[in-house]
């Protein structure tokens, strides 16, 4: 019952008017082919695929889920999923952003992100399969040996195989230092992997014949903790150095999880029993390679939050226009109807505007971050690369943390607009809320994103990414200082940026005296930073709309939504400031035995 | 897998130390039997019932759900539900608060609320069946004719029958003025009811033989809108004026809904096809009678939010103590273990303290409201009755709105503490989140509570309830003005109360000029008011704990939790103030066609 139309107009607006991506692509080695025509053509074709192939499978996938056959240790995915994957591969989507030398189309990651938003709107569960392959591809591209890229990366990019990330074990998720899976050397240079991994997305399925597991494990003599972790390639069917695919490897899916949502995305317990694998990168340096995948995946999970926000919003908006209930407080707006549509009511508008503000603002923020990723990867200028790298590294926990949390908030609002009908399965709204709930948990919880942001990106790395970002906001404010039409945004944005810098310094001092202060402020700092980052992108969006050839209605909508954002969302920062300024003591005072 | 231990210590603390209920009961006609011994005995037995009978059925009820047999139009409830209801009836719980002349035990509603919190923690879905009977009983007790109370009320109070509320129709939920179900007079003084009702909780089930539907319908000559609605008693099996139960009435459950949660609570489409019914109260005055049920039900749904918060918290706390992951930021706290338990981490503590603050503060607020209900019902002093009635009427949308929204927030946090394990069905945490999601939808959405609070209780009724509440806070602050140990709470509480009064006046002025201003502020006003109300109850709780014979650890925990609340939750009011002060324009500016 739920609908989806790809937001092509807004995607084009963000890419062309706000970010002017093709101006950047034109000067980036390897990206010049991504002209405006190419970008628009890719967006349109991606929209069709998402709308016509993936979206219709979403509710059925939720209802049917994945099933596990104990006898064969195999997994059946929902009806149509496998065929959709074949079409995705045939359409060239799976290798859209992969390097041409490995069979990819070499298009920018920003464009891949636009595709991914649409995929996630259409069918989040299904989108996890290509997402995991993409993560595995990244790790191999950056850390694999030449023969590994030839033998393993090419089939991934071609969509002949898919990939996984095998990190979590029953006793350790966040704390990978505790992991126990072992790797023992074999005479031929390969390794024998043994251990149990849980929560393995796409660990077993029926899309393709071979599945390539990227597995974290310990060597026999490895040091304890995270400094003793190595990364291995462990395929479902053995693969020799010459690429020959051999017999079934000694690994299997032992069971699958029953989850709150993403029922079409299979979550496996994977048992490795002396399985043959190949080391990727250096011994005991596996975590660094894994973080290449992880960072890619974190931004991608941010897009999942965005995708759900967009689709839930579209459905809530349609319902608010159709459903007649009560009269407007200032008198009937549609006197000829038995009641006014929901959209006349101020609080329904508040819920819709919140979703619109996070969808469009979140899209601008996410694509901004991905553009930095493209610059970091392709620019010929080392200084520009370094700046972009610092920016994307700083923004990754914000995009992941904020867009997943607002995804949960927005799917909540969208369901709420439906009233009791939102709680009914067939209307499709509750699936969005259930699916959204995973996004603040996997690829690092919101808590981990928060510590990554404040503890690592800001404090440990001396806030280099933040400084670049604040400088950019400062330059934007200075550029528009005399622009009366933007003054309503520039003044509060400038004030917020100033406060952001000062607050960060203050937190840094406090954390230097007591490291618990970092942990006590990190969650609020993540939201605080995210809301200001969105305020910047909203101000930029208004400026870009005004300067564009968009319609008057489009410009008016951007301005009105930005006004709403500044008036009713941005003030949330003040509650976060108060919480941060209150310090760690109120969190640490209560003794463990006194909690209850 | 999920656990539950009734929070007896805190229930006793709130009832005896904070609210001193038995002092009030002693002077209320009809309540004197509720001595401290009786209260404590009831709490203990209720705890046993909730823990031992209801809690074990919760996860199974979710997994199995209710099933509908099309051939017989009958519903089967989950395994054990029917037997648990029989035990509930045998134990005298069903009629705990009903008047003795109808077979009840006549105990105060406050005690019934304590029971209900435990029932809802243990098994929210199951709790809906007695809740609906309770609502139907209230309506009959207050609006039924003598013979109706004799014939219909007694079997409800005895648990021989159960009740329902049939309001919603496919095209109208909130807007009951649109309802179409018809009632035509029969020669014997009964009526023939025809129409379709949806979302009927407990509309059909296998607990008991007869089900009494309270149905809103229109007389043939009824005026349009809400002034043309009458209330009818329509039993599943016909009941004559002398109480004789006859043949099956011409009504049936046509289907049941598949929902996000509360799978054990059946939600029926009910078709009435000339069914025999009896009018309750006066023609065209049905809405007033229905509101008696509704207000009872709204407070009760607030308890559902509280019950889920409490149980989710208990499980999150246990997990945070057991699960070892990472080291404390200030150095290992349990060096002998491979990692520290989650509870050492500041943000885990923030999530736990948020739950604890809403559970304990929410309990105090809800029971405070219920005590006003008892006073309003039983006091011999008309002025005291009037004040209590104004208070409970004012607090009902706050208790319903705030405790259900914080129930959603807290089940979110509790799941988050579990990390990825929270998303797995068998761990039980995701059920709490799914079950909680209904509570902001039924018995009036949060939006309806907000308008009831600001539009009706504050503006239309000249804020009489608010004035009493602010006066009480003022008196509390004055009483403790010189108390240095409470100064950290009294100062901000006094400031918040002052701001609450001023803000209300300001909103009143603006709404007088433009009614949309009320609708634009109502949602934020609900949360704003709720957070200050909780701040009052938290300050009272600290004062009551200090003055009590509770242990030093108990007192310290109350104080530390209150500190956390004041430092990290109460500042949320400032974001709401900013949103309210921003006015309606930013919600109304965007034209309907520009939303997307």
### Message
Taking beta carbons within 10 Å but only from partner chains, what does the mean come to for residues B:320-326?
### Response
4
### Query
Rg(Cα) of the range B:447-588 divided by 2.2 N^0.38 Å?
1.15
### Task
Indicate the gyration tensor shape class of the range B:162-289 (rounded, prolate or oblate), computed on the Cα atoms with a ≥ b ≥ c the square roots of the eigenvalues: a/c under 1.5 is rounded; otherwise a/b larger than b/c is prolate and the rest oblate.
oblate
### Query
Roughly speaking, what is the centre-to-centre gap between the range A:172-190 and the range A:342-369 when only Cα atoms are used, to the nearest Å?
45
### Query
How many partner chain Cβ atoms sit within 10 Å of a residue's Cβ in peptide B:337-348, on average, as a whole number?
5
### Summary
Pseudo-spin-label distance residue B:72 to residue A:86, built 7 Å along Cα→Cβ, given in nm, is 4.6
### Message
Sort A:241, A:434, A:182 by Cβ crowding within 10 Å, fewest neighbours at the top.
### Response
A:241, A:182, A:434
### Task
Please give the helix B:382-417 orientation as an angle from the longest Cα principal axis of chain B, in degrees from 0 to 90, rounded to the nearest 10.
70
### Query
When the Kirkwood radius is taken over all Cα pairs of the protein assembly as shown, what Stokes-Einstein diffusion coefficient follows at 10 °C and 1.306 mPa s, in µm²/s?
51
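With an 8 Å Cα cut-off and a minimum separation of 6 or more residues, compute the relative contact order for chain B in percent. Let's see the in-between values first.
Values: 1068 pairs, mean separation 78.6, N = 596.
Over chain B, the number comes to 13 percent.
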### Query
Under the rule of -39500 (n - 2.57) per DSSP H run of 4 or more residues, summed and divided by the residues of chain B, what mean residue ellipticity at 222 nm is obtained, to the nearest 500 deg cm²/dmol?
-17000 deg cm²/dmol
### Query
Among B:323-332, A:269-278, what's the highest-first ranking by average C-beta atoms within 10 angstrom per residue?
A:269-278, B:323-332
### Task
Measure of size requested: the Rg and Dmax of the range A:4-62, with Cα atoms as the atom set and Å as the unit; please supply both.
14.3, 45
### Message
Ordered shortest first, which distances in nm separate the 7 Å Cα→C-beta label point of residue A:330 from those of the other copies?
### Response
5.5
### Task
May I ask you to derive the FRET efficiency for residue B:32 and residue B:242 from their Cβ-Cβ distance with R0 = 45 Å, giving the value to the nearest 0.05?
0.80
### Message
Taking residue B:250 in one copy and the same position in all the others, each labelled 7 Å out along Cα→Cβ, what are the pairwise distances from the first, in nm, shortest first?
### Response
7.4
### Message
Suppose each label sits 7 Å from its Cα in the direction of the beta carbon; what would the residue A:9-residue B:462 distance come out to in nanometres?
### Response
5.1
### Query
Sorted from shortest, what are the nm distances separating the label point of residue A:35 from equivalent points in the other copies, each placed 7 Å from Cα along Cα to C-beta?
9.4
### Query
Can you list the residues of the range A:562-593 with backbone N under 17 Å from a point 7 Å past the Cα of residue A:506, pointing along Cα to Cβ?
A:571-586
### Query
So how far, in whole Å, is the C-alpha centre of the range B:210-279 from the one of the range A:1-66?
50
#### Entry: Highest average packing first - B:456-468, A:513-525, B:353-365, A:300-312, Cβ atoms within 10 Å
A:300-312, B:353-365, A:513-525, B:456-468
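Using per-residue counts of other Cβ atoms within 10 Å, averaged over each peptide, order B:159-166, B:280-287, B:379-386 from highest down.
Going by the mean number of other Cβ atoms within 10 Å, highest first, we get B:159-166, B:280-287, B:379-386.
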## Note on the structure
Under 20 Å by backbone N from the virtual spin label 7 Å along Cα-to-Cβ at residue A:322, the residues of the range B:241-277 are B:257-260
#### Entry: Coarse-grained scattering of chain B at q = 0.07, 0.10, 0.12 Å⁻¹, given as base-10 log I(q)/I(0) from a Debye sum over alpha-carbon atoms
-0.43, -0.89, -1.28
### Task
Partner chain Cβ atoms within 10 Å, averaged over the residues of B:578-586 - can you pull that number for me?
5
### Message
Angle check, please: helix A:487-513 long axis (alpha carbons) against the longest principal axis of chain A (alpha carbons), in degrees 0 to 90, nearest 10.
### Response
50
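Provide B:211, A:424 in ascending order of the number of other Cβ atoms located within 10 Å of each residue's Cβ, fewest first.
Listed from fewest to most nearby Cβ atoms, that is A:424, B:211.
Want the number for residue A:291 to residue A:1: 0.36 nm per residue separation, take away the alpha-carbon distance, what's left?
100.5 nm
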#### Entry: Nearest-ten-degree value, helix B:552-564 long axis tilted from longest Cα axis of chain B
80
#### Entry: Alpha-carbon centroids, the range B:90-163 and the range A:562-593: separation in whole Å
43
### Query
For the range A:308-463, what class follows from the C-alpha gyration tensor (a ≥ b ≥ c being the square roots of its eigenvalues): rounded when a/c is under 1.5, otherwise prolate if a/b is larger than b/c, else oblate?
prolate
### Task
May I ask you to give the average projected area over all directions of the convex hull of the Cα atoms of the range B:373-476, in nm² rounded to one decimal?
8.8
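Taken together, the values in this text are just the output of simple stated rules run on the coordinates, not laboratory data. All figures in this text were calculated on a predicted structure; none of them were measured in a lab. Backbone-built Cβ (ideal geometry, glycine too); neighbour counts: all protein chains shown.
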